[in-house]
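Written out below as structure tokens is the structure these notes cover.
The values are calculated or read from the model by the stated rules, or taken from the named source; none is laboratory data. The model shown is predicted, which means the values in this text are computed figures rather than measured ones. Virtual Cβ from ideal backbone geometry, glycine too; neighbours counted across all protein chains shown. Note: areas computed on protein heavy atoms with side chains; ligands, DNA, RNA excluded. Shrake-Rupley method; radii C 1.70, N 1.55, O 1.52, S 1.80 Å.
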Amino acid sequence: MQTDTIDGASSFLAGLPAMREDMARQGRALPAPAVAVSDHVAGGVPVRLYRPPTVDRDGAGPPLLVFLHGGGWVLGDLDTHDACCRWLCVESGWAILAVGYRLAPEHPFPAALDDATTAWGWATAEAAALGCDPRRVAIGGESAGANLAAAMTLGRRGTAATAPLVQLLVHPPTDLLLEQPSIDAVDLPGLSRAMLDACIAGYVGGHSRADPLVSPLRAADLAGLPPAIVVTVEHDPLRDDGEHYALALARAGNEVSLQRLPGLPHGFLFLPATDPAVAAAYRLIGERLARYAAAA
């Protein structure tokens, strides 16, 4: 790593406290619908359950989506993405279990992935006790959270543990070596190659960026994974990460739904749902999730 890259990463990480506070402020200002909310602890990991205002199917309870927020592995928490989870809950009819995983650089890889895995195991074991359908539990996330969701799904493939009904991946970073063409072809203020590299450096630490649990697109074998709903957006340097991963999943024989949303930027789930394009995106994601719930 060159000296200017190191200096850039150091400067970025030094500004994290202010960036975290700014994200918290923005999150508090987002409009959100009223739903039933309760906080829990999943094996030491803080989680928050959102229940949909819909009638349960056959008394089994709503399906449950374990959701991992974005923020470059260094930003975000249960409060910053509260509005996001409420909208997902309302639009999909799924209960949402948001996960407050540990952040880098204080807790580098694999801390966040370990927390995601712990929360997943707790959710599948406690789904019925939470009033949800244990037969319909999915994993999902946006941005860094989608990376964690994909990595966790890949890492648990072939184990005796419960597999997700579906994996929801909203503009996921899947190649942390930053070698996909859109990284340099798409210009989005605030999401430059330098910023992405600083976030990744904080998250990965000294671990290999080519590890499939860090860069799922680098996996030699993607066969035998749960169905995937992959959502990308037009204005996103990480657009190819999501689309190339969707194609790789499909080539490996997995069921994949891929949708590129025009006109929207990376991080659109952190924008006000009063924007018609953002509201439409929530509806689309909700409809895709609802289809899998109805078919299960």
Restricted to region 189-218 and to residues being small (Gly, Ala, Ser) and surrounded by 21 or more Cβ atoms within 10 Å (Cβ to Cβ), the residue farthest from Leu16 (Cα to Cα) is Ser215
Which of the residues spanning region 231-246 are under 20 Å from Asp197 (Cα atoms) and open to solvent by 30 Å² or more (accessible area, probe 1.4 Å)?
His235, Arg239, His244
Select from region 280-296 the residues that are in contact with a Pro (Cβ under 9 Å, 6 or more places away or on another chain) and within 16 Å of Gly141 (Cα to Cα) and list them in ascending order.
Leu289
It is to be established whether one or more residues within region 15-37 are polar (S, T, N, Q) and over 19 Å from Gly145 (Cα atoms).
no
Within region 29-61, residues being at pLDDT below 95 and either in a loop (DSSP other than H, G, I, E, B) or surrounded by 12 or more Cβ atoms within 10 Å (Cβ to Cβ) (or both) number 8
Scan region 228-235 and give yes if some residue there is in a loop (DSSP other than H, G, I, E, B) and of a type in the set (Asp, Glu), otherwise no.
no
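What tally of residues in region 260-296 results from selecting those that are outside any helix (DSSP H, G or I) and surrounded by fewer than 17 Cβ atoms within 10 Å (Cβ to Cβ)?
7
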Just give me the residues in region 148-175 being open to solvent by 10 Å² or more (accessible area, probe 1.4 Å), closer than 18 Å to Arg218 by Cβ and free of Cβ contacts under 8 Å to residues at least 60 places away in the same chain, in sequence order.
Gly155, Arg156
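Return the residues of region 8-30 that are in contact with a Ser or Thr (Cβ under 6 Å, 6 or more places away or on another chain) and of a type outside the set (A, V, I, L, M); say none if nothing qualifies.
Gly27, the sole residue that qualifies.
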Top-ranked residue in region 16-28 [being surrounded by fewer than 17 Cβ atoms within 10 Å (Cβ to Cβ) and in contact with a helix residue (DSSP H, G or I) (Cβ under 9 Å, 6 or more places away or on another chain); ranked as nearest to His107 (Cα to Cα)]:
Met19
